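Structure first, commentary second.
The values are calculated or read from the model by the stated rules, or taken from the named source; none is laboratory data. This one's a predicted model, so the numbers in the text were calculated from it and none came from an experiment. No Cβ is skipped: glycine too gets one built from the backbone with ideal geometry, and neighbour counts run over all protein chains shown. Side chains included, ligands, DNA and RNA excluded: accessible areas come from the protein's heavy atoms. Shrake-Rupley method; radii C 1.70, N 1.55, O 1.52, S 1.80 Å.
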Amino acid sequence: MVLCARGPLMPDHNDDPYSAGSVEPASERLLDAARLLLGATPPLDEDAIEDIAGNLEWHTFERGDVVCHQGDPSDGVYVVASGRARALYNSGPGAAPRVLSDIVRGEAIGEMGVLTGAPRSATVICTRDSALVRLPADTFERLVPRYPALLRSLARTVVARGQPQRVRAESGASIAIVPAGSDTGTGPARFAAALSAALEKHGTTLHLSSHRRPDLGRADNADVGLHELATWLNRQELLHRFLVLEADPHPSPWSERCIQQADCVLLVADADGPPGKGPMEHMLTRVNESLVSPRVELVLLHRRADRPPVGTARWLDARTDGLARHHHVHIETPGTVARIARLLAGKAVAVALGGGGARGFAHVGVLHALREAEVPIDVIVGTSMGAVIGAECALGWDAAEMLARNYAGFVRGHPLTDYTLPIVSLLSGRGLATLLRDLFGEVQLEDLWTPFVPVSSSISTGRPIAHRRGLLRKYIRASGSVPGLLPPVVDGSDLLVDGGVLTNLPAATARELVAPGPVIAVDVNLTSGLIGAPASYRAAAGEDAVLHGWTVLWRGANPFGEAVQVPKIQDVLERMTMLNGIREATDLAEWVDLYLHPSTDGVKFLDARTMGELATRGYAYARAPIAEWMASKL
């Protein structure tokens with residue numbers, strides 16, 4: 001149902017510009033809406049803003065209301081003043097709607113249709129009780145000659161949506177804290193307070209609960225209806241970037257309002273408690289609808305920070321219906337709460353580590369430089385050797401521990417010398433499997449304090465696979481199984497090989513996990529590989545030479561003949577795995593937030609003895625660009 005709001009519906013509040021005693025409510029909120037419509041345009045004079053505001057229409061929508069249907073005439077542009085909407089595309093009769101994007105406060109709806117005159121390209125539905133302003137198309141055409149800033153603002157929106165690699169930062173969010181499982185203790189309330197404090201670093205934050213709503217009484221009080229409460233909460237979104245809505249420990253009208261108002265629901269539970277769903281989660285399922293449901297994430301509270309989480313799988317297995325992600329938190333360790341705050345604020349930092357065999361040890365130095373500069377590492381994504389080093393970083397190892405344990409495993413252990421009958425691969429893979437077992441034991445991906453995602457390539461489906469759950473060492477082995485050199489890893493019906501076959505530098509996956517936060521990509525491919533093949537990958541054998549093994553061996557042994565200069569089979573297999581990464585490196589450098597490419601020239605693919613030198617190179621190289629990037633963010 002669409003409602004027209006024409007005045008204050010809540011008691012007086014000195015901090016509410018829409019309450020009695022301030023500027024007349026409809027005029028003030030429309031002035032604010034006019035400023036939202038102009039976006040980042042330099043401020044106009046107040047007379048111009050008032051003129052634009054006088055031509056706007058204010059509409060309120062309930063959760064589930066349709067703003068416009070795909071195919072409708074484009075008779076106006078909307079701007080979200082508060083709340084959130086979702087754009088859906090239907091490709092034809094019988095097809096399920098596909099989610100195109102979520103539309104947050106300050107963003108336009110229908111701007112393309114108004115600019116081109118084409119019908120609506122998507123159906124837009126409100127996922128929250130929302131307030132939108134509408135500027136009719138004919139009014140827009142009349143105002144643009146007077147105020148070209150209107151056209152520039154909508155044009156910026158069109159351009160931004162045409163660049164999928166660049167995800168816009170959200171202007172704010174309402175976060176519901178909902179108890180999960182059967183525990184009704186104080187954990188969720190303590191987490192809500194800690195999260196509110198962490199969010200304050202990213203914008204004004206209001207923490208509300210059934211006992212923390214100034215002058216409003218309880219949600220089930222007859223003097224305060226739920227619609228009035230929703231209206232007041234929408235107004236608070238104009239005053240605060242974040243609302244933290246702490247639900248009651250049990251189902252109640254206030255708890256239901258928290259869920260209805262939320263852009264994101266954080267299910268909070270004691271990690272040591274029983275993992276079954278509790279009454280609040282059953283209420284969440286009942287209230288939510290698939291097309292308008294908010295994002296749901298799980299927060300597991302741990303009593304100790306000095307030991308890794310265990311048993312996360314049982315919590316995830318009990319919630320297979322749409323968890324976006326999960327988090328491990330120790331409330332007395334501020335960094336674990338700060339990570340969630342950065343993710344919610346669009347400020348989380350992802351680090352993507354590329355493959356390159358032994359050259360990947362340069363990642364150790366780069367990570368040391370990032371930590372030294374106090375860059376938060378919120379998510380790590382890795383391919384091949386980048387997966388090995390990324391997992392070690394996620395486990396909290398420092399540079400010294402990485403080098404010591406990797407030297408023991410890769411140099412002293414000789415894991416890549418187990419040659420076998422070359423039917424599937426040159427190596428049996430047992431040496432690498434033993435090494436990874438020694439390094440990572442039985443750790444599961446979902447049990448890491450810092451989220452880590454190894455990337456492999458499925459030769460069964462032809463797609464890259466980003467692994468979020470399962471045995472850590474298994475998927476690291478898959479991520480580094482160079483085709484022909486090491487055997488594929490069996491995963492159900494899939495055969496997995498080195499992630500570098502399809503995405504050697506997994507920055508796109510990192511972007512998806514933290515959007516719109518920054519992505520730091522570390523490329524350890526040969527520097528000269530970006531501009532041409534290095535000498536080791538060129539031939540000197542004559543154009544008519546047949547490069548089979550006996551020819552190469554004979555001409556190399558013949559003191560009177562000319563030796564054939566061609567790469568060995570290991571080099572060819574490595575180069576084939578890296579080709580896609582070399583091709584994509586130039587594009588990646590243009591859209592990641594910080595692209596780091598330490599020199600690894602002169603290092604052979606399997607020469608792990610150079611790891612100390614490479615770590616030093618990576619550290620020496622990375623310090624300056626990291627410092628420059630950090631300075632640009634201040």
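Summary table below
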{"item": "For Ala557: the one exception among (1) at pLDDT 60 or above; (2) exposed (fewer than 13 other Cβ atoms within 10 Å of the Cβ)", "result": "(1)"}
{"item": "Residues satisfying the stated conditions in the range 319-341, i.e. in a helix (DSSP H, G or I) and either crowded, with 22+ Cβ neighbours inside 10 Å or of a type in the set (A, V, I, L, M) (or both)", "result": "Val337, Ala338, Arg339, Ile340, Ala341"}
{"item": "In the range 588-634, residue least open to solvent (accessible area, probe 1.4 Å) [restricted to those that are polar (S, T, N, Q) and part of a helix (DSSP H, G or I)]", "result": "Thr610"}
{"item": "Hits in the range 95-115 (condition: of a type outside the set (D, E, K, R), touching a residue at least 24 places away in the same chain (Cβ under 8 Å) and not in a strand (DSSP E or B))", "result": "Pro97, Val104, Gly106, Gly110, Met112, Gly113, Val114, Leu115"}
{"item": "Subset of the range 116-129 [open to solvent by 10 Å² or more (accessible area, probe 1.4 Å), in a loop (DSSP other than H, G, I, E, B) and over 28 Å from Pro148 (Cα atoms)]", "result": "Asp129"}
{"item": "Cross-chain or 6+ apart pairs with Cβ under 9 Å, the range 262-279 first and touching a residue at least 24 places away in the same chain (Cβ under 8 Å) and open to solvent by 10 Å² or more (accessible area, probe 1.4 Å), then assigned to a strand (DSSP E or B) and hydroxyl-bearing (Ser, Thr, Tyr)", "result": "Asp263/Ser174"}
{"item": "Residue check for Pro294: within 24 Å of the chain's Cα centre (by Cα), surrounded by 15 or more Cβ atoms within 10 Å (Cβ to Cβ) and at pLDDT below 95", "result": "yes"}
{"item": "Unmet criterion (only one of (1) within 21 Å of Gln444 (Cα to Cα); (2) part of a loop (DSSP other than H, G, I, E, B); (3) aliphatic (A, V, I, L, M)) for Ala348", "result": "(1)"}
{"item": "Tabulated pairs, the range 54-65, first closer than 13 Å to Arg86 by Cα, second open to solvent by 30 Å² or more (accessible area, probe 1.4 Å) and acidic (Asp, Glu), C-beta under 7 angstrom, 6+ apart or interchain", "result": "Gly64/Glu289"}
{"item": "Subset tally (residues that are closer than 27 Å to Ala394 by Cα and open to solvent by 50 Å² or more (accessible area, probe 1.4 Å)) for the range 414-443", "result": "6"}
{"item": "Looking only at the range 237-261, and only at residues there that are part of a loop (DSSP other than H, G, I, E, B), touching a strand residue (DSSP E or B) at 6+ places or on another chain (Cβ under 7 Å) and over 22 Å from Arg325 (Cβ atoms), the one that is least open to solvent (accessible area, probe 1.4 Å)", "result": "His240"}
{"item": "Among the candidates Pro464, Pro454, residue that is touching a residue at least 12 places away in the same chain (Cβ under 8 Å) and in contact with a Pro (Cβ under 8 Å, 6 or more places away or on another chain)", "result": "Pro464"}
